[in-house]
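Written out below as structure tokens is the structure these notes cover.
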Amino acid sequence: MLDLASVRLFLLAVEFGNFSRAAEAAGTVQPVVSARIKALEAALGRKLLERTPRFVRPTEDGVAFLAKARALMAAHDAATRFDDAPTVRLAIGASDHALGTGLEHVIRHVRAALPHRSAVELRLGLSQPIRTAFDEGELDAVIIRREAGGADGEVLGLDPLGWRATEEDVVAPDRPIPLVTLGPHCGVRSMAVRHLEAAHRPWREAFVGGSCSALVAAVRAGLGIAPMGAVASGRMGDVGPRYGLPALPPSEIVMFARAHSPAVAAAARALEAAVQSMLRGA
């Protein structure tokens, strides 16, 4: 007989590539995850995971068991779901500058923590409107980037801001800095402009995009320099020192959540763990 809780922990360990983060997503602790997966391996008579201090990844037998484990948990969730049971819905909001290119990573991990065929709604935008939507009860959990500090919410970590650009020269001598931003309502842009003007560095608007993915594309095309966090830019290099640009302070990445059911609470834990894994450079 297989212990289904252990099977679910195995799936989380594979998704996160780390026992500690799988434990955070499941609302338990690392020794429990390790012990239950060892018991699962003993029950199957196969080693499922290769463990090192830096990562966890499935063995050949683990890869073979992975599809079966997913099918097993899907069948379990389907068996416990009745037609008159309410569908689990989770509405998430995120600042684009908090997640950026890491959005797919976060969505995958949140969906893995929810029952099969749950409904996930995602709203992406600027931090202040996203926070307002949470305060007004429109969203269950949000991830925002906070520049000015504050005492509310759960700080998941710091994300360093930098001047993101390719290795090619995009700033001509004695010319204004070509900025790639989300536009005048963006807090990151406002903060970057303040630092440029305090340093007496002229600048110009080279590109205004609707998402951080668009900013990354513009930067890679050589249109200019984007003030962005490490996570949102996909850890693109910081060219600030090369052009003598003022250093930008790191920002807090903050989570707000309200759990109105056990399933939503589990998804919120998975959201927290996924964002923290990105901030740690996983």
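Where a number appears in this text, it was derived from the coordinates with a stated rule and is not lab data. From a predicted model like this one, the values you see are computed outputs, not experimental measurements. Neighbour counts run over all protein chains shown; Cβ positions are idealised from the backbone, glycine included.
Specify which residue in the list Ala75, Leu279, His260 is farthest towards the positive end of the charge dipole of the chain, using unit charges on the beta carbon of Lys, Arg (+1) and Asp, Glu (-1), about the Cα centre. In the chain, that residue is Ala75. Taking the square roots of five times each eigenvalue of the Cα gyration tensor of the stretch 126-256, the equivalent ellipsoid has semi-axes of 28, 15, 13 Å, listed largest first. Here the scattering of the stretch 4-80 is modelled by Debye summation over its C-alpha atoms, one equal scatterer each and no solvent; at q = 0.20, 0.28 Å⁻¹ the log10 of I(q)/I(0) is -0.82, -1.46.
Post the alpha-carbon centroid distance, the stretch 219-245 to the stretch 147-184, in whole angstrom. So the separation of the two Cα centres works out to 7 Å. Sequence-distant contacts, meaning Cα pairs under 8 Å at least 6 residues apart, place the relative contact order of the stretch 4-80 at 30 percent. Taking every alpha-carbon pair in the stretch 1-137 and binning the separations at 10 Å intervals from zero gives 11, 34, 31, 19, 5, 0 percent. In the chain, helical runs assigned H by DSSP with n ≥ 4 each contribute -39500 (n - 2.57); averaged across all residues and rounded to the nearest 500, the mean residue ellipticity at 222 nm is -13500 deg cm²/dmol.
Under a Gaussian network description of the chain, with springs only between Cα atoms under 10 Å, the residue in Arg146, Arg123, Arg204 that fluctuates furthest is Arg204. When only alpha carbons of the stretch 153-206 are considered, Rg and Dmax amount to 13.3, 44 Å. Set the Cα radius of gyration of the stretch 202-282 against 2.2 N^0.38 Å, with N its number of residues, and you get 1.43.
Within the chain, the selection of entire DSSP H helices by a Cα span of 15 Å or greater along the long axis and an average Kyte-Doolittle value of at least -0.5 returns 4-16, 30-44, 60-79, 103-113, 187-198, 262-279.
Over the Cα atoms of the stretch 114-202, the radius of gyration divided by the Kirkwood radius equals 1.08; this is the Rg/Rh ratio.
For the chain, what relative contact order do you get, as a whole percent, if you take Cα pairs closer than 8 Å and at least 6 residues apart? Before the final figure, lay out each step's value.
Details: 492 pairs, mean separation 67.8, N = 282.
Relative contact order comes out at 24 percent.
Among residues other than Thr59 with Cβ under 13 Å from its Cβ, the summed charge is 0 (Lys and Arg +1, Asp and Glu -1). When the P(r) is computed for the chain, the part past 35 Å accounts for 28% of the Cα-Cα pairs.
The calculated Kirkwood hydrodynamic radius for the stretch 35-111 is 15.9 Å, given to one decimal from all distinct C-alpha pairs. Comparing Ala270, Ala43, Ala232 in a Gaussian network model of the chain where C-alpha atoms under 10 Å apart are linked, the largest mean-square fluctuation is found at Ala43.
With R₀ set to 45 Å, the beta-carbon distance separating Arg111 from Arg242 gives a calculated FRET efficiency near 0.65.
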